[in-house]
Amino acid sequence: MTALLHLSHVTKVYRQGGMLGRRLITAVKDVSFEVGAEPEILSIVGESGSGKSTIAAMILGQTTPTEGRLEFSGKTVSIHSRSERKAFMKEVQPVLQNPFEAFNPLKRVDRYLFETARNLPGPGKRIDRKEAERMADAALVHVGLTLEEVKGRFPHELSGGQLQRVAIARALIPQPRLLVADEPVSMVDASLRMAIVNLFGRLKNELGLSIIYITHDLATAYYVSDNIIIMRKGEIVERGQARPVLDNPQHPYSRALKEAVLAADFAPAL
Ligand SMILES: Nc1ncnc2c1ncn2[C@@H]1O[C@H](COP(=O)(O)OP(=O)(O)OP(=O)(O)O)[C@@H](O)[C@H]1O
Ligand SMILES: [Mg+2]
């Protein structure tokens, strides 16, 4: 079966200091991996600057690889026109790090859900208010909320965990096949992190969604992921099924990463 997402020999070189900058930074170097046809949670972990967000940006079509190829459902990802981009964005949705940045503080959060629903159909079709409310409610139920609970609320009237769940609900409205969540729990209280990653597990099982989960948090990665990739300086240093890899890391860097986390006492699950 064709993989949902396939990166093959992807390299991204940034020119620092703008178009005329002289310094070249290889943010991602010859990276290849797949998200399979079956729903899967793939974690990408690695120290700051190892290229994780750059990979996310390429998968989301926000930047193009310098070399190599990305295929989604067997088709090369090329997002030249607006309509192509819109169609692609339905299939692959981002979940941002800081939900408070994803929402305008002066706008009621339900508006975002309604607007996302109403923007879905192509020209000539319309989703009315009732239908938009129904879609918003259905998406909220998947994240353990209801429209009743968030209706008319401003972002500051919700907790960080609730707001992150509303952001995830919004990402679900277009019925994507892949979520790309870049550090989705780093701004959320430690006590609520497990609730968010549990939610990822449920979305995988109930909706057949695949999720790329980018994190520094090895404990939640261990707990929720099927597969894991460990990155260092733009390259993959270790990969495989999450539990065997984290139980018994082979690469010295993976071992050091695990030890650092254990020493900081952040990882009761490991
Ligand atoms: N738009 C950009 N222009 C120039 N250099 C960039 C750009 N984005 C990222 N970089 C550089 O590319 C490298 C990888 O950055 P990236 O943000 O992908 O790392 P990361 O693994 O997501 O780090 P973190 O854990 O801190 O989020 C870094 O050296 C960074 O400075
Ligand atoms: Mg990052």
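The values are calculated or read from the model by the stated rules, or taken from the named source; none is laboratory data. Because the structure is predicted, anything quoted here is derived from the model rather than measured. When we count neighbours, we look across all protein chains shown, and the Cβ atoms used for this are built from the backbone with ideal geometry, even at glycine. Ligands, DNA and RNA are stripped out before the accessible areas are found, and what is left, the full protein with its side chains, is counted by its heavy atoms. Shrake-Rupley method; radii C 1.70, N 1.55, O 1.52, S 1.80 Å.
Listed values, structure above:
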| quantity | calculated |
| --- | --- |
| Residue in the range 233-240 that is modelled with pLDDT under 90 and crowded, with 20+ Cβ neighbours inside 10 Å present | no |
| Residue check, LEU203 of a type in the set (A, V, I, L, M, F, W, C), crowded, with 21+ Cβ neighbours inside 10 Å and touching a His at 6+ places or on another chain (Cβ under 8 Å) | yes |
| Single residue of the range 13-51 satisfying the filter (under 21 Å from PHE88 (Cα atoms) and surrounded by 18 or more Cβ atoms within 10 Å (Cβ to Cβ)) that is farthest from ligand 2 (Cβ to nearest atom) | PRO39 |
| Some residue of the range 55-70 being within 13 Å of ASP182 (Cα to Cα), within 16 Å of ligand 2 (Cβ to nearest atom) and open to solvent by 30 Å² or more (accessible area, probe 1.4 Å) | no |
| Test: residue in the range 113-120 that is in a loop (DSSP other than H, G, I, E, B), modelled with pLDDT under 95 and more than 26 Å from SER53 (Cα to Cα) | yes |
| Every residue from the range 135-169 that is open to solvent by 10 Å² or more (accessible area, probe 1.4 Å) and in contact (Cβ under 8 Å) with a residue 60 or more places away in the chain | HIS142, GLY160, ALA167 |
| Residue match in the range 174-187 (condition: of a type outside the set (Gly, Ala, Ser), exposed (fewer than 15 other Cβ atoms within 10 Å of the Cβ) and at positive phi) | yes |
| Candidate set: the range 80-98, residues that are touching a residue at least 12 places away in the same chain (Cβ under 8 Å) and open to solvent by 40 Å² or more (accessible area, probe 1.4 Å); chosen: the one nearest to ligand 2 (Cβ to nearest atom) | GLN97 |
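Conditions tested, residue by residue: (1) of a type in the set (A, V, I, L, M); (2) under 30 Å from GLY161 (Cβ atoms).
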| residue | (1), (2) |
| --- | --- |
| GLN16 | no, no |
| LEU24 | yes, no |
| VAL31 | yes, no |
| GLY74 | no, no |
| ALA87 | yes, no |
| LYS90 | no, yes |
| ARG108 | no, yes |
| ILE127 | yes, yes |
